[in-house]
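A short worksheet on the structure shown next.
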Amino acid sequence: MLAINNVLLVLDQSLENNTALKRAMQVCKEHDANLFVTTYTYNHACEEGSLTDLDMRHELKSMLLEQAQAWAEALFEEHYLPKDTPLSICWSDHAYQAVLDNTEEASFDLVIKAAAKHHNILERVLQHQDWNLLKYSPAPVLLVKGKTSWDAQTIVNAVDATSLDDAHKIINEHIFEFTEILNQDNNYQVHLVNSFPLMSLTLASLPDAPIPEDLQQYVQQQHIDASESLAEKFNIPEERIHVLEGDPETAITDIARKLDADVIAIGVLIDDELQSTILGSTVEHVLDATDSDVLAIKPQDGVKDIDEAS
């Protein structure tokens with residue numbers, strides 16, 4: 001990807017969308033990109049096997065689509081979007097399906113959506129629109145949080161610098177390549193954050209295993225060297241490299257808070273096991289803990305096959 005040319009904004013009628021809409025307009029202005037907008041609506045009563053009256057089903061569906069259209073157009077007017085901004089109304093109860101429906105007609109370089117708010121693990125399990133969007137979107141996804149604007153002009157790239165896994169290596173590259181595009185006019189400071197484990201906790205399950213005194217220092221130095229190598233490749237100065245001890249989500253959110261970061265760029269590896277849905281991933285924990293926008297990037301360019309809606 002060499003530029004951000006087409007941006008798709010997903011409007012969610014259950015969320016506050018003003019900040020996401022402003023963010024999409026800002027990105028499009030900075031990159032002279034085309035803005036496309038979509039929203040979605042759905043009711044099971046309109047499907048075959050629900051209401052027995054076919055005309056009533058069609059009338060209800062038509063009414064819901066018209067309501068969604070009117071709602072989106074009111075937002076356009078409120079934010080002074082041109083009336084000819086492409087707008088699609090999708091018949092679906094999933095944000096990711098609205099994105100896939102739109103990609104049948106156009107190719108997008110970035111998808112933007114307001115982030116859902118999760119206050120506990122039950123909400124994370126039951127309200128997983130954002131996770132499915134990250135999973136299936138064919139383009140990087142920017143989930144917009146509470147910051148009204150990108151005033152700090154700071155981007156934090158969260159990486160796993162020492163991973164030998166090919167997927168993590170690809171994600172690290174994609175994170176920096178995409179933020180280079182986002183920072184095409186050098187208006188933003190790009191930082192690197194990488195965490196390393198506390199070895200005494202890592203080896204606590206092996207009480208009989210002797211822990212070398214210099215093991216922690218060795219692990220730390222490995223992460224420092226790997227982070228500096230990655231930073232050098234993408235021209236990140238030494239003062240913007242942050243190698244911290246502890247779990248990734250804490251390290252990432254602490255640095256983002258300290259820097260008042262506008263964006264946290266982070267990789268997403270999809271795990272199809274149920275445990276991934278229930279316990280979440282680093283990106284989900286970061287989303288819940290930060291006020292910064294979160295830019296999620298997968299190693300693959302396309303989307304995986306969907307056997308059935310989640």
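The values are calculated or read from the model by the stated rules, or taken from the named source; none is laboratory data. Since the model is a prediction, treat every value here as computed from it, not as a measurement. Cβ atoms come from the backbone with ideal geometry, glycine included; neighbour counts cover every protein chain shown. Quick note on the areas: whole protein, heavy atoms, side chains included, nothing else; ligands and nucleic acids left out. Shrake-Rupley method; radii C 1.70, N 1.55, O 1.52, S 1.80 Å.
Suppose each label sits 7 Å from its Cα in the direction of the beta carbon; what would the Leu198-Thr162 distance come out to in nanometres?
Rounded to a tenth, the inter-label distance reads 1.6 nm.
In sequence order, what are the phi-derived ³J(HN,Hα) couplings for the stretch 99-108 according to the Karplus relation 6.51 cos²θ - 1.76 cosθ + 1.60 with θ = phi - 60°, rounded to whole Hz, with x for glycine and proline?
Using θ = phi - 60°, the values come out as 5, 5, 4, 6, 6, 6, 9, 8, 9, 10 Hz.
For the pair Lys117 and Gln221, what calculated FRET efficiency results from E = 1/(1 + (r/R0)^6), where r is the Cβ-Cβ distance and R0 = 45 Å, to the nearest 0.05?
Efficiency for this residue pair is about 0.70.
How much solvent-accessible surface does Tyr42 expose, in Å² to the nearest 10, with a 1.4 Å probe and all protein chains in place?
Spelled out: Tyr42, probe radius 1.4 Å, area about 70 Å².
Taking 0.36 nm per residue of sequence separation and subtracting the Cα-Cα distance, how much length would be gained by fully extending the chain between Leu60 and Thr85, in nm to one decimal?
6.4 nm
Spin-label point model (7 Å from Cα, Cβ direction): what's the Ala106 to Ile270 distance in nm?
2.3
Quick one: grab the alpha carbon gyration tensor of the stretch 1-77, order the square roots of its eigenvalues as a ≥ b ≥ c, and give me rounded if a/c is under 1.5, else prolate or oblate depending on whether a/b is larger than b/c.
Note, shape of the stretch 1-77 comes out prolate.
How many nm is it between the label spots at Glu232 and Glu47, if each spot is 7 Å from the Cα in line with the beta carbon?
Going by the 7 Å Cα→Cβ label model, 5.6 nm.
Probe 1.4 Å, all protein chains in place: accessible area of Leu75 in Å², nearest 10?
20
Compute the FRET efficiency between Asp151 and Glu177 as 1/(1 + (r/R0)^6), taking r as their Cβ-Cβ distance and R0 = 25 Å, and round to the nearest 0.05.
0.50
Report, by chain and number, residues whose modeled amide H sits under 5 Å from the one on Ser163, excluding near sequence neighbours (fewer than 5 apart, same chain).
none
Given the C-alpha centroids of the stretch 131-147 and the stretch 59-93, what is the distance between them in whole angstrom?
21
Over 22 Å between C-alpha atoms is what I'm after, so list which of Lys22/Lys113; Lys83/Lys147; Lys147/Lys169; Lys61/Lys113 land there.
Too far apart for the 22 Å limit: Lys83/Lys147; Lys147/Lys169; Lys61/Lys113.
When the Kirkwood radius is taken over all Cα pairs of the stretch 70-116, what Stokes-Einstein diffusion coefficient follows at 20 °C and 1.002 mPa s, in µm²/s?
Reported coefficient: 175 µm²/s.
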